[in-house]
Amino acid sequence: MSKLSEAMKPHLDQVAERLLAEVTGVRHVLILTTDGLKAAVAGELGEDDQDRAAAMSAGLLSAARAATQALAGNEELAISQVITECSGADGGPRGWAIIMGAGNNIALAVWAGPEADIGVIAHRMTAHAASLAGLLTAPARSDER
């Protein structure tokens, strides 16, 4: 985590906890850098799953942007959010993964159960993303050490 986000850790934790508490059906909230590092987590996600979810969420956001730009033939398009609906082996609903950018090099990811209203989740995520964008920008990771 960058020094800037280390200083902001209490605020990031508060944002994640608030989103978890205010929307019915949200089970996990993850604030991450777009290069796949977790910045804050709320919910009952294990440590290894937190790191894996941050890396995969960043990858999915990047892949969705690249695919959309290729499909549209427009390299300037940005991705607002990626929504993945998940079902069980029986075809029944299992939940939703929603990932959205929240500023320069920052993203917000949520896992919600099938009872969740994704419209409400997306609305609240957008509000929290806007507040994060105004307060936190993670510098892009460089190869210099």
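For the reader, a short list of remarks on this structure follows.
- Selection status of GLY95, on the phi > 0 side of the Ramachandran plot, surrounded by 12 or more Cβ atoms within 10 Å (Cβ to Cβ) and in contact with a Pro (Cβ under 7 Å, 6 or more places away or on another chain): yes
- Being out of contact with any Leu (no Cβ under 8 Å at 6 or more places or on another chain) and loosely packed, with under 12 Cβ neighbours inside 10 Å is a description that does not apply to ALA63.
- Extreme residue, nearest to GLY101 (Cα to Cα), among residues of the stretch 1-57 that are of a type in the set (Asp, Glu) and in contact with a helix residue (DSSP H, G or I) (Cβ under 9 Å, 6 or more places away or on another chain): ASP35
- The single condition from (1) without any contact (Cβ under 8 Å) to a residue 12 or more places away in the chain; (2) under 20 Å from ARG124 (Cα atoms); (3) assigned to a strand (DSSP E or B) that GLN14 fails is (3).
- Within the stretch 3-20, at least one residue is of a type in the set (Asp, Glu) and at pLDDT 95 or above.
- Some residue of the stretch 81-93 being more than 25 Å from MET8 (Cα to Cα) and touching an Asp or Glu at 6+ places or on another chain (Cβ under 9 Å): yes
- Residue within the stretch 101-112 that is without any contact (Cβ under 8 Å) to a residue 60 or more places away in the chain and either under 17 Å from LEU61 (Cβ atoms) or touching a helix residue (DSSP H, G or I) at 6+ places or on another chain (Cβ under 6 Å) (or both) present: yes
- Inter-residue pairs, beta-carbon under 6 Å, first farther than 13 Å from THR34 by Cα and in the stretch 49-76, second of a type outside the set (A, V, I, L, M, F, W, C) and surrounded by 13 or more Cβ atoms within 10 Å (Cβ to Cβ), 6+ apart: GLN50/LYS38; GLU75/GLN69
The values are calculated or read from the model by the stated rules, or taken from the named source; none is laboratory data. The shown structure was predicted, so the numbers you read here are calculated from the model rather than taken from an experiment. Positions of Cβ are backbone-derived with ideal geometry, glycine not excepted, and every protein chain shown enters the neighbour counts.
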